[in-house]
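Notes follow once the structure below has been shown.
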Amino acid sequence: MNRIVVLCSILLLALQSAAQRTPVSARDSVRIKQLFFAGLSDKLKENYAKSNDSFSKITAIDADNAAAWYEIALLNFRQNKMPEAETAIKNAVRIDQNNSWYWKLLAELYKSTGSMDRLIPVFDQLIRLVPGQQSYQFDRANAIAISGRKEEALAAYALLEKKYGPSESLDRARRRITDGPKEAAPAVNGTEAMATATLYLSQKKFQAASVVLESIAGTHQDDPLFLALYGDVLYETGNLPAALHHYKKALRLTDQLYGVWEKVLNISILMGQYKQMIAIGEDALSVYPNQAILYYYMAFALHRENQNQAAMEHIRSAMALDGENKELQALILALQAEILIDQGKAAAADAAFEKAVKLDPQNYLIMNNYAYYLALRNENLDKAVSLITVAARALPQDASIADTYALILLRMGQYELARTWIEKALKNNEAENSVYLEHYGDILFHTGAPDDALIQWKKSRDAGNDSLLLKRKIDEKKYFKK
């Protein structure tokens, strides 16, 4: 019953908003009502893709339907699609500047993304609409402090004290500015400690955040929000195993922390724990079956475990769910290309790479991978050069890109230039990379230095390269093409 009441209340709000704008035709008005009911119904069922489609159809009929834009923003916010959410909610507040719910969502979005400078004027609007709400004024002052404008923040706190009287919260807020991280430890309670830690995390003061959280760790081991926040601090300080432990513990307490699922999967990739990823991904999809990126993670793990047929099924699911996120679609296509290469479908792989590069021309690592596979096959080297030139110009210190450039030049017979690029790759703290070392040996052999080439091939073997072709190079002391 409560859900029906909420559904009808939101629809009534939407219709009241529509009455204040340029009227649409009677036929369109009926269609909008139908779409709104359908969108809200699908949202309650957590069918976000279908819900978003209904609300998007409303904005196509009536571009000034603020309530529909709000629903689109809310759906995207729930799915961590912040750019899409921001675009939609900005449309809503542009159309209706006096709806506090719209401004609240925009405030939550900027809090989530750490956009303090953009958050402050949002609180100005909320204060305009609800001048007696003390929390908005306090949050505005906090946002000013987090953005680094210390004097302005202190003035805002002083104004709050003058208006509402002194308080411990105001004193602690001022101490965070005047005394710095050392004052973080004696936080009064868990809520304030976590708020303080969140502040330090946003300022990249990870040690200070850790001190705060340690002060309440003994009493918050059953609080999933605490565990997730502590996981964030550990992740930022590079302690991936400990971060993973805290994230997993949080998920055992509640499965409703979508962002934590993504972080667990991301850490699993970084740690090469692909089998564990598959199990985690299945659990995540049982809770959030409409998240394209979760299917991408599953496909990635399955591919690494040589389960390419199952990986391709997840690729198809990912592509069907999130057609508007070009960056994610590009990643999915690039992964699809790698699977197709494993399946011996070179032409289809190239086509997938082409689509990926077109969708996200700023993803230079996709360009690098495409160029690398062309070089391995010794095909279309002109295309490979054009791709890697763009990538190298954008990321001149990237060792993987430098290695790809070297391999392409080796294939083209430009050995001295190839040597320059492979030495760049090895210089960038990649001296133990077995693949780069093998390529270095190959290039040295072609520059007339077979003894030096043999040294590099042996280094590659010692670094873990157990390929039969490398063994043959070492045994016969000569280069062999793949």
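Restricting to region 154-172, name every residue that is modelled with pLDDT under 80 and closer than 15 Å to GLN137 by Cβ.
Matches in region 154-172: SER169 only.
Scan region 63-96 residue by residue and report those that are outside any helix (DSSP H, G or I) and closer than 20 Å to SER41 by Cβ.
Correct list: ASN65, GLN79.
Got a sec? Which of ALA330, ALA352, ALA320, ALA348 is touching a Leu at 6+ places or on another chain (Cβ under 7 Å), hydrophobic (A, V, I, L, M, F, W, C) and surrounded by fewer than 20 Cβ atoms within 10 Å (Cβ to Cβ)?
Of the residues listed, the single one that is touching a Leu at 6+ places or on another chain (Cβ under 7 Å), hydrophobic (A, V, I, L, M, F, W, C) and surrounded by fewer than 20 Cβ atoms within 10 Å (Cβ to Cβ) is ALA348.
A quick yes/no check of all residues on (1) of a type in the set (Ser, Thr, Tyr); (2) surrounded by 14 or more Cβ atoms within 10 Å (Cβ to Cβ); (3) under 24 Å from ASN380 (Cα atoms):
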site	(1), (2), (3)
LEU410	no, yes, yes
ILE443	no, yes, yes
ALA449	no, yes, no
ASP466	no, no, no
LYS478	no, no, no
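Quick check on my filter: what residues within region 125-170 are farther than 22 Å from THR198 by Cα and within 30 Å of the chain's Cα centre (by Cα)?
Selection gives GLN125, LEU126.
Give me the pairs, please: first residue somewhere in region 255-272 and touching a residue at least 60 places away in the same chain (Cβ under 8 Å) and surrounded by fewer than 21 Cβ atoms within 10 Å (Cβ to Cβ), second residue anywhere and in a loop (DSSP other than H, G, I, E, B) and not acidic (Asp, Glu), beta-carbon distance under 7 Å, and either six or more positions apart or on two chains.
TYR258/ASN80; TYR258/TYR288; GLY259/ASN80
Which residue pairs have Cβ atoms under 9 Å apart, sit 6 or more places apart or on different chains, and have a first residue in region 207-226 that is within 15 Å of HIS245 (Cβ to Cβ) and assigned to a helix (DSSP H, G or I) and a second that is of a type in the set (D, E, K, R) and at pLDDT 85 or above?
Every condition considered, the pairs that remain are PRO224/LYS249; PRO224/ARG252.
Look at LEU437 and say whether it is in contact with a Lys or Arg (Cβ under 6 Å, 6 or more places away or on another chain) and either over 23 Å from ASP350 (Cα atoms) or in a helix (DSSP H, G or I) (or both).
For LEU437, the condition - in contact with a Lys or Arg (Cβ under 6 Å, 6 or more places away or on another chain) and either over 23 Å from ASP350 (Cα atoms) or in a helix (DSSP H, G or I) (or both) - is met.
Taking ALA391 as the residue in question, decide whether it is under 22 Å from ASP360 (Cα atoms), small (Gly, Ala, Ser), in a helix (DSSP H, G or I) and out of contact with any Phe, Trp or Tyr (no Cβ under 6 Å at 6 or more places or on another chain).
Numbers: under 22 Å from ASP360 (Cα atoms): yes; small (Gly, Ala, Ser): yes; in a helix (DSSP H, G or I): yes; out of contact with any Phe, Trp or Tyr (no Cβ under 6 Å at 6 or more places or on another chain): no.
No: the conditions fail for ALA391.
The values are calculated or read from the model by the stated rules, or taken from the named source; none is laboratory data. Note that the structure is a prediction, hence the values are computed from the model and not measured. Neighbour counts run over all protein chains shown; Cβ positions are idealised from the backbone, glycine included.
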